[in-house]
Every structure is written in structure tokens, then in C-alpha cells.
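One structure is given here, and the rest of the page talks about it.
The values are calculated or read from the model by the stated rules, or taken from the named source; none is laboratory data. Since this is a predicted model, take the numbers as computed values, not measurements. So basically every Cβ, Gly included, is an ideal-geometry build from the backbone, and we count neighbours across all protein chains shown. These accessible areas exclude ligands, DNA and RNA; they are computed on the full protein's heavy atoms, side chains included. Shrake-Rupley method; radii C 1.70, N 1.55, O 1.52, S 1.80 Å.
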Amino acid sequence: MRHLLGIETLRPDQITVLLDLADDYVRLNRSPAKHGQALAGLTQINMFFEASTRTQASFEIAGMRLGADVMSMPMQASSIKKGETLIDTALTLNAMHPDLLVVRHPHSGAVALLAEKVNCAVINAGDGRHEHPTQALLDALTIRRTKGRLHRLTVAICGDIAHSRVARSNILLLGRMESRIRLIGPPTLIPAGAADWGVEVFHDMRAGLKNADVVMMLRLQKERMDGAFIPSAREYYHRYGLDAEKLAHAAPDAIVMHPGPMNRGVEIDGTIADDINRSVIQEQVEMGVAVRMAAMDLLARNLRGRPAVVSA
Ligand code: CP
């Protein structure tokens, strides 16, 4: 595996190897030692052209815990502001011999384009509405640790599917691992061709949640809506916000997930988000560090010319 640009190119066995290694890193992160050497001597540069809390922080922590030299470019203060292009910026950084570039960009496909121009490994930290592979991997790890498996689970992904790279990567990953996927949302926020993706589509929240094992909530991604109609928060919450009454339609032991950032009182009730018996939202954040450590470890093995555990 030279780059990690999306779930689309990963096979089920590769996903399993990565999740198994991430499980090891969960144990390391919970130990007093916390540190490994898998990235010792390597340079990791994080380039976030879009806002982030969880992804950027966890990539930084993951790199530091594995011994990399980590630098996060302050993109808002970079020469991008003076008109330098994405590719020229990438070529400039490439000339400094980094080993790993972690890139988030508002345009779908921008990270793959950049990966063609540099010598180092590139990880997609979210590109437009296309993919967010490490989010799907950390979601899968959270589900697997909570439910004990990924196959034959009913996973309801609810909300703004149309603008969500998280939904797209999760549909690819969970479908590949033989979960049953339901998409729930208003017709305007579910892509027209979604029924052809091997998923079930619901516009009624209660019908879609019936006996679901996993309830994954998404926020309205207004930054990608390009002037389209946006329902009022009140109206949206009434029909599609997850509250106790709607959650009661899911399986009694259903878990509640959210990739963050959350808008409480819009797509999810705050008491549901904070309910430690149902919500695994904080576990998702924890798994994010472990999954990013595993992804960078596997890419580093390939960089060092060792037989890669995972080969693409
Ligand atoms: N889930 C996620 O990508 O969160 P951030 O935007 O905070 O990184």
C-alpha cells in the first residue's frame, strides 16, 4: 500500500489487517508507555486546507506517538494565500523530503491529484464529498470492538448523505465487510442513484431505524450545500433528529455513533449523545488515534522496503 486515498481500493483482508494492528495500538495507547518506534526517523507533514479538530489532532498525536518528526502546516498562513497552487505547494514540501503527507482538501479528487506529484506516501484526511478513509476505518474499529464483528449487522446511516464523505467511505467499507446498510434522510439529502449502491433507502426515520444494530448520525454539511435548500434546524430535528423516541425503534442494544462535529438539537439530542450506555462517540475519537497509527505504520513498512503486511 503506497498511499491511503480511499476505501474504494482496499480489499476486506487489507481492512482486517489494518484494524487488527489498530487494536494493538489501542492497547499501547491505554498503557503508561504510549509510545512506539514505527515512524522513527520519518517526517510527517499535515496539510489541512479545511477546518478540523479530531482528524488533525489525532494524526499529529499518532505521528508523535510513533516517533515521527511531525509538522502541521498552518495552511491559512501559507503561500496559498499569495496565489500558490495546491500542486506547487505540494512540490515545494516534497523537495524537503517528507515521508508522509496527510492532506485534507475541500475539493473531491484533490488529494489523489497531489499524490501523483510527490515521492512520499499520501493519506487522504477528507477530500470534498468524496472519501474520508480513516474515519470509516475508525468507525469500523469502534463497531467491531463493540459488537464483536462487522458482518451481518444492520447499520443505519442517517442525515445528510449527499454531501458526506464519511457516509461514502462507510458505505464502501461496511458493504465490503458484509454489513447491511440503510440510508435515512430527506429525499433532497440522499443522492438520486443511492438505491443502486446495494443499500436500502428510507425517508422515514422510524421505519429506517427498525431493529438497527448501529445508528450513525451525520450533521448537515452546509459548507458543501452550494445554496441548496437547507431545512430549518427545528424542522429537521423534528423529522430526522435522533431522540429517545426515535432511538427506541432500533435494536435494544443499538449503539449510537457520530463522526463529529455534532450539532446538538439539530441531528442529535444532547442526552443521547452523552448517554454512555448507547453512545460510542468518545470511543470513536479514541479509535481515531489508533487507526491513524496503524495506517501510518503500514505505509512506513512499505516506505522502508520491508515486505508490507498489506499490499495493494
Ligand atoms: N470527523 C472529522 O473529520 O472531524 P474533524 O472535522 O473535526 O476532523
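Within the group ALA125, ALA136, ALA167, which residue is within 16 Å of the ligand (Cβ to nearest atom), aliphatic (A, V, I, L, M) and within 21 Å of LYS210 (Cα to Cα)? It would help to see each step written out before you state the result.
Values: ALA125 fails: within 21 Å of LYS210 (Cα to Cα); ALA136 fails: within 21 Å of LYS210 (Cα to Cα).
Of the residues listed, the single one that is within 16 Å of the ligand (Cβ to nearest atom), aliphatic (A, V, I, L, M) and within 21 Å of LYS210 (Cα to Cα) is ALA167.
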Set ALA140, ALA125, ALA136, ALA167: member being surrounded by 24 or more Cβ atoms within 10 Å (Cβ to Cβ), in contact with a Lys or Arg (Cβ under 6 Å, 6 or more places away or on another chain) and under 21 Å from MET262 (Cα atoms): ALA125
Conditions (1) surrounded by 20 or more Cβ atoms within 10 Å (Cβ to Cβ); (2) within 16 Å of the ligand (Cβ to nearest atom): number failed by CYS120: (2)
Residue match in segment 100-113 (condition: more than 24 Å from GLN221 (Cβ to Cβ), touching a residue at least 60 places away in the same chain (Cβ under 8 Å), in a helix (DSSP H, G or I) and out of contact with any helix residue (DSSP H, G or I) (no Cβ under 9 Å at 6 or more places or on another chain)): no
Filter result for the condition that a residue is more than 18 Å from VAL266 (Cβ to Cβ), surrounded by 15 or more Cβ atoms within 10 Å (Cβ to Cβ) and free of Cβ contacts under 8 Å to residues at least 60 places away in the same chain, over ILE190, ILE181: ILE181
Odd one out for LYS34, checked against (1) modelled with pLDDT of 95 or more; (2) within 30 Å of MET75 (Cα to Cα): (1)
Among residues of segment 83-109, those that are within 16 Å of the ligand (Cβ to nearest atom) and surrounded by 15 or more Cβ atoms within 10 Å (Cβ to Cβ), counted: 5
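If you take just the helices (runs of 4 or more DSSP H) that sit entirely in segment 238-312, which of them hold at least 2 residues that are touching a residue at least 60 places away in the same chain (Cβ under 8 Å) and within 16 Å of the ligand (Cβ to nearest atom)? Spell out the reasoning first.
Working: elements: 244-247, 270-273, 281-303.
Correct list: 281-303.
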Residues of segment 1-15 satisfying the condition of being surrounded by 16 or more Cβ atoms within 10 Å (Cβ to Cβ) and within 17 Å of the chain's Cα centre (by Cα): HIS3, LEU4, LEU5, GLY6, ILE7, LEU10, GLN14, ILE15
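Look through segment 22-51, keep the residues that are acidic (Asp, Glu) and away from the ligand (no atom under 16 Å from the Cβ), and return whichever of them is most open to solvent (accessible area, probe 1.4 Å). So that I can check it myself, show each step before the final result.
If we filter segment 22-51 for residues that are acidic (Asp, Glu), which is where we start, we get 23-24, 50.
Adding the requirement that they be away from the ligand (no atom under 16 Å from the Cβ) leaves 23-24.
Numbers: ASP23: 29, ASP24: 75 Å².
Here the residue is ASP24.
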Selection status of ASP196, under 19 Å from PRO259 (Cα atoms) and out of contact with any Pro (no Cβ under 7 Å at 6 or more places or on another chain): no
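Among the listed residues LEU209, LEU218, which satisfies the condition of being in contact (Cβ under 8 Å) with a residue 60 or more places away in the chain, in contact with a helix residue (DSSP H, G or I) (Cβ under 8 Å, 6 or more places away or on another chain) and closer than 17 Å to ALA167 by Cα? Full working, then the answer.
Working: LEU209 fails: in contact (Cβ under 8 Å) with a residue 60 or more places away in the chain.
None of the others qualify; the one that does is LEU218.
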Filter result for the condition that a residue is charged (D, E, K, R) and either open to solvent by less than 10 Å² (accessible area, probe 1.4 Å) or within 16 Å of the ligand (Cβ to nearest atom) (or both), over GLU223, GLU235: GLU223
Residue in segment 147-160 that is of a type outside the set (A, V, I, L, M), touching a Ser or Thr at 6+ places or on another chain (Cβ under 6 Å) and part of a helix (DSSP H, G or I) present: no
Within segment 52-78, considering residues that are more than 13 Å from the ligand (Cβ to nearest atom) and assigned to a loop (DSSP other than H, G, I, E, B), the one nearest to GLU286 (Cα to Cα): LEU66
